[in-house]
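Each value in this text was obtained by applying a stated rule to the coordinates, not by laboratory testing. Nothing here was measured: the structure is a model prediction, and the numbers come from that model. Here the Cβ is made from the backbone with ideal geometry for all residues, glycine too, and neighbour counts use every protein chain on show.
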Amino acid sequence: MNKITAAITCVHGYVPEYVLTNAELEKLVDTNDQWITTRTGIKERRILKTPGLATSDMGVEAVNGLLKKRGITADDIELIIFATVTPDMVFPSSACILADKIGAKNAWGFDLAAACSGFLFALETGAKFIESGRHKKVLVVGGDKMSSIIDYTDRNTCIIFGDGLGCVLLEPNDEGNGVIDSILKIDGNGRHFLHQKAGGSLKPPTHETVDAREHFVYQDGKTVFKFAVTGMAEVSAQIMERNNLSSNDVTWLVPHQANLRIIDATAQRMGLSNEKVMINIDHFGNTTNGTIPLLLWEWENKLKKGDNLVLSAFGGGFTWGAVYVKWAY
Ligand code: UT7
């Protein structure tokens, strides 16, 4: 009997309608379109403006689209893994809230926090439940309402992030397609350079923490850049070597979108030309956990069975990694 792998059998995404342009940011902070474009590659991002809507609501839109496309119902889902740093609430998990909203009565699930690498960590975790034979339909969701934790008076961070969410369905495959290999890493010393200072058990919310704007993303961009540019390139090259993939064998690089310069360095290290690199940073910015599934969603029509994809990310923690996926449809 052939080995069972976990194949992505469907992908869908959702981004809010509101477009936050560089021109609008110029009115909020001391920045300009030219600086943002040349230093990051970002032109615009989407923002979830509607009051009362949270990360799980983007999940409802994306998952309902996926279920329809795949021709299954919410009751067919056995496990939901929701990668996010902006859960609706600290608890219960957004996986619980999403399951309730879509009516997934037979699923269990949990949230997974690994910042910008969260979708990769969730994909690897979900794949194990398929490979073991425990489950036949696992939903892996990645998304964030970053606008809920971004300080729109801080030009170091507000120009980068946007809101969005994507999801994939994992099912068993006996043709050798799906999640083939992964290299995933953490280094907690990186917490000093990218974090949210207050709101957790270390520093619960007080009037003072709110006044000090400590519930927003803090980033020492230069230091994070330095680690990201080497970290993402290194694991991406390693996963190619380990699987005997030459640059010709790799059909697509699916990189986290934090900065176009980090993506370029990764592609260069892998020996890939620009045409093999999926890019959505120009129109979505950095959507944290949403980035990689949103790329797969946007590129779905171009993907072919047997294509070799290297998914690669770097984020807060630090967390980083690369996952080798053979496209299944
Ligand atoms: O997704 C999670 C992981 N995150 C990342 O991977 C992000 C990694 N970091 C980055 O992408 C970049 O560091 C940033 C895009 C955040 C910043 O770009 P940079 O090239 O590292 O800029 P910098 O912080 O070194 O600042 C260069 C200059 C400074 O001015 P001086 O000191 O040279 O006069 C900044 O004050 O640019 C200034 N600056 C800005 N100017 C206009 C910083 N932010 C802005 C801005 N608009 N928004």
(request) Place a +1 charge on the Cβ of each Lys and Arg in the chain and a -1 charge on the Cβ of each Asp and Glu, then give the dipole magnitude about the Cα centre in debye, rounded to the nearest 20. (result) 400
(message) Test of understanding: given the chain, find the longest segment containing no GluC sites (Glu not before Pro) that are in a DSSP loop and have at most 13 other Cβ atoms within 10 Å.
(response) 18-174
(message) Test of understanding: in a Gaussian network model of the chain with alpha carbons linked when under 10 Å, which of Ser56, Ser312, Ser273 would top the mean-square fluctuation ranking?
(response) Ser273
(request) Quick one: grab the alpha carbon gyration tensor of the chain, order the square roots of its eigenvalues as a ≥ b ≥ c, and give me rounded if a/c is under 1.5, else prolate or oblate depending on whether a/b is larger than b/c. (result) oblate
(request) List the residues of segment 45-69 whose backbone N lies under 14 Å from a point placed 7 Å from the Cα of Glu17 along the Cα-to-Cβ direction. (result) 47-51
(message) I want the local charge near Thr84. Using Cβ-Cβ distances under 13 Å, sum +1 for each Lys or Arg and -1 for each Asp or Glu among the other residues.
(response) -4
(request) For segment 263-329, just say rounded, prolate or oblate: build the C-alpha gyration tensor, square-root its eigenvalues into a ≥ b ≥ c, call rounded for a/c under 1.5, and beyond that prolate if a/b exceeds b/c, oblate if not. (result) rounded
(request) Arrange Val60, Val15, Val210, Val90 by Cβ neighbour counts within 10 Å, fewest through most, would you? (result) Val90, Val210, Val60, Val15
(request) Only bridges with both residues in the chain count here: give the DSSP antiparallel percent, nearest 5. (result) 70
(request) Pull out a ≥ b ≥ c, the square roots of the eigenvalues of the alpha-carbon gyration tensor of segment 5-176, then state rounded if a/c is under 1.5, prolate if not and a/b is larger than b/c, and oblate in the remaining case. (result) prolate
(message) As I understand it, the dipole of the chain uses +1 on the Cβ of Lys and Arg and -1 on the Cβ of Asp and Glu, about the Cα centre. Which of Trp320, Ala7, His283 lies farthest toward its positive end?
(response) Ala7
(request) Return the FRET efficiency for the residue pair Asp282, Asp181: r is the Cβ-Cβ distance, R0 is 30 Å, and the value is rounded to the nearest 0.05. (result) 0.50
(request) Tally the DSSP beta bridges in segment 195-329 and give the antiparallel ones as a percent, rounded to 5. (result) 65
(request) Compute the relative contact order of the chain as a whole-number percentage, counting only Cα pairs closer than 8 Å that sit 6 or more residues apart in sequence. (result) 26
(request) Within the chain, what's the longest run with no trypsin sites (Lys or Arg not before Pro) in a DSSP loop and at most 11 other beta-carbon atoms within 10 Å? Give the range, please. (result) 135-303
(request) Rounded to the nearest 500, what is the 222 nm mean residue ellipticity of the chain from helices alone, with -39500 (n - 2.57) per DSSP H run of 4+ residues and division by all residues? (result) -9500 deg cm²/dmol
